[in-house]
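Worksheet for the structure shown next.
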Amino acid sequence: MRAAELINEKQVLSAWISDLTYNRANRILTMRLSNGKSYSIPNVSRSVFERWIKSPSKGFFFHNIIKDNYQITRIN
């Protein structure tokens, strides 16, 4: 599998989140905020990543699906 197939980075339309990057090989999602801070979220399935990308509100999805269900670690 090529690197492009393993890592999926998407810029998103959100006032708060600037982009979401998903590494399929290790199931880690990286969320970068508009203020430059980045967070690592392990054990995210590809389907959850795809639902997040397609959701009309990325912040709403984070607060209702991700925040209380996944371990979130600030990486910078």
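The values are calculated or read from the model by the stated rules, or taken from the named source; none is laboratory data. Note that the structure is predicted; figures quoted are calculated from it, not measured. We place every Cβ from the backbone using ideal geometry, glycine too, and count neighbours over all the protein chains shown. Just so you know, the surface numbers come from the protein's heavy atoms only, side chains and all, with ligands and any DNA or RNA stripped out. Shrake-Rupley method; radii C 1.70, N 1.55, O 1.52, S 1.80 Å.
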Quiz prompt | Cβ-Cβ under 7 Å pairs, at least 6 apart or on other chains, the stretch 56-71 side within 15 Å of Leu20 (Cα to Cα), far side of a type outside the set (Val, Ile, Thr) and outside any loop (DSSP other than H, G, I, E, B) | solution = Lys58/Trp52; Phe61/Trp52
Practice problem: Out of the residues in the stretch 38-67 that are part of a loop (DSSP other than H, G, I, E, B) and modelled with pLDDT of 95 or more, state the one that is least open to solvent (accessible area, probe 1.4 Å). | Solution: Val44
Quiz prompt | Identity of the residue in the stretch 11-37, part of a strand (DSSP E or B) and charged (D, E, K, R), that ends up most open to solvent (accessible area, probe 1.4 Å) | solution = Arg32
